[in-house]
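The values are calculated or read from the model by the stated rules, or taken from the named source; none is laboratory data. Remember, predicted model here, so these are calculated numbers, not experimental data. Neighbour counts run over all protein chains shown; Cβ positions are idealised from the backbone, glycine included. Please note that ligands, DNA and RNA were not included when accessible areas were found on the heavy atoms of the full protein model with its side chains. Shrake-Rupley method; radii C 1.70, N 1.55, O 1.52, S 1.80 Å.
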Amino acid sequence: AQLNEVVVKENRTPGFMNGRFSIPIPILKKLPMLFGEADLMKALSYTPGVMVGQEGSSGLYVRGGSPDQNLMLLDEAPLYNPSHVFGFLSVFNPDAIKNIDLYKGGFPARYGGRASSVVDITMKDGNYQKHSQELSVGLLSSRVLLEGPIKSNKASYMLAARQMNTSLLFLPRHIKQWSGKAVDEFTSLWFYDVNAKLNYRLSTNDQLHLSLYNNKDNFSTNEQSSRGDLDRTALDWSNTTATLRYNRIITP
């Protein structure tokens, strides 16, 4: 049998770069995830050359590298602790993210040096026309998103927060313990993260951005002795970043 000739052509889009991959946020939220929690790191693991070590871990292994060889940027600020609850969930709230760029090879020199990859994440700018609110309740965490104009078409804000649901389960025991009452030994684990962004359009060509981010994880073992003494062993880890950026378009 004589087969016809097959011609394969590639049409590159403007701004295309080898080794860069972008994930649209609507698709990210639809991907099947553990316990139904949308997770940026798990979504990146579906791309070629990227994998996570095991289920229930958010560390990225890009082309054989280790998780600490990846540069994680949130609005240009580096994050050195990109996971919650001992690597079970990533610290990036999908409600607060506008764009994700993953560079798996030959990334631009402006990112400095990393052995494996660069994950460049941009937060939402906020709505310049109308106010909106979103509330999401999941098995592991609950999220809230607030955004809207401070001045229509001139300034906007975005505020997103997420908290692990177990923090509410352990709150009555903590309150009882803080009040000096005897409690049984218990272990608590919880986290939260907060994203905030303010944007101001100075003119058609000038724009000012202020981005703030904070998260914290807490793992503690609480025990009260028969004499009423409080014994508490705790482990905390967190990230705090701030970015102030001024953009000016000099020419088209």
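Between Val8 and Lys181, full extension at 0.36 nm per residue minus the direct alpha carbon distance yields a gain of 54.9 nm. Excluding same-chain neighbours fewer than eight residues apart, the aspartates and glutamates reachable from Lys154 by a Cα-Cα span under 14 Å are Asp125, Asp206. Among the trypsin sites (Lys or Arg not before Pro) found in the range 94-141, those both in a DSSP coil and sparsely packed, with 15 or fewer other Cβ atoms within 10 Å of their Cβ, are Lys130.
How about the range 135-244: which trypsin sites (Lys or Arg not before Pro) there are in a DSSP loop, with at most 16 other Cβ atoms within 10 Å of their Cβ?
Working: sites: Arg143, Lys151, Lys154, Arg162, Arg173, Lys176, Lys181, Lys197, Arg201, Lys216, Arg227, Arg232; in loops: Lys154, Lys181, Arg227.
Taking the range 135-244 and a limit of 16 other Cβ atoms within 10 Å, the loop trypsin sites (Lys or Arg not before Pro) found are Lys154, Lys181, Arg227.
Taking square-rooted eigenvalues a ≥ b ≥ c of the alpha carbon gyration tensor, is the range 64-190 rounded, prolate or oblate, where a/c under 1.5 means rounded and, failing that, a/b exceeding b/c means prolate? It is oblate, given that a/c is not under 1.5 and a/b is not larger than b/c. Helix content alone sets the calculated 222 nm mean residue ellipticity of the chain: runs of n ≥ 4 DSSP H residues at -39500 (n - 2.57) each, divided across all residues, give -2500 deg cm²/dmol. Per residue, the convex hull spanned by the Cα atoms of the range 103-252 measures out at 180 cubic angstrom.
Site pair Ile250 and Leu210 shows an inter-label distance of 2.8 nm when each label is modelled 7 Å from Cα along Cα→Cβ. Per residue, the solvent-accessible area of the chain (1.4 Å probe, heavy atoms of protein chains only, all protein chains present) comes to 58 Å². Taking the square roots of five times each eigenvalue of the Cα gyration tensor of the chain, the equivalent ellipsoid has semi-axes of 39, 26, 17 Å, listed largest first.
A Cβ-based charge dipole, computed about the Cα centre of the chain with Lys and Arg at +1 and Asp and Glu at -1, lands at about 800 debye. As an equivalent ellipsoid, the range 91-144 spans semi-axes of 30, 16, 6 angstrom, where each value is the square root of five times an eigenvalue of the C-alpha gyration tensor, largest first.
Please give the peptides 134-140, 246-252, 76-82 ranked by average Cβ packing (other Cβ atoms within 10 Å per residue), highest first, as a rough proxy for protection. Mind showing how you got there, number by number?
Details: 134-140: 12.6, 246-252: 7.6, 76-82: 15.7.
Going from most to least packed, we get 76-82, 134-140, 246-252.
Over the range 185-252, the hull volume per residue, using the convex hull of the C-alpha atoms, is 91 Å³. On a 0 to 90 degree scale, rounded to 10, what angle separates helix 166-178 from the longest Cα axis of the chain? Compared with the principal axis, the helix lies near 30 degrees.
Surface calculation, 1.4 Å probe, protein heavy atoms: Glu10 sits at approximately 130 Å² accessible.
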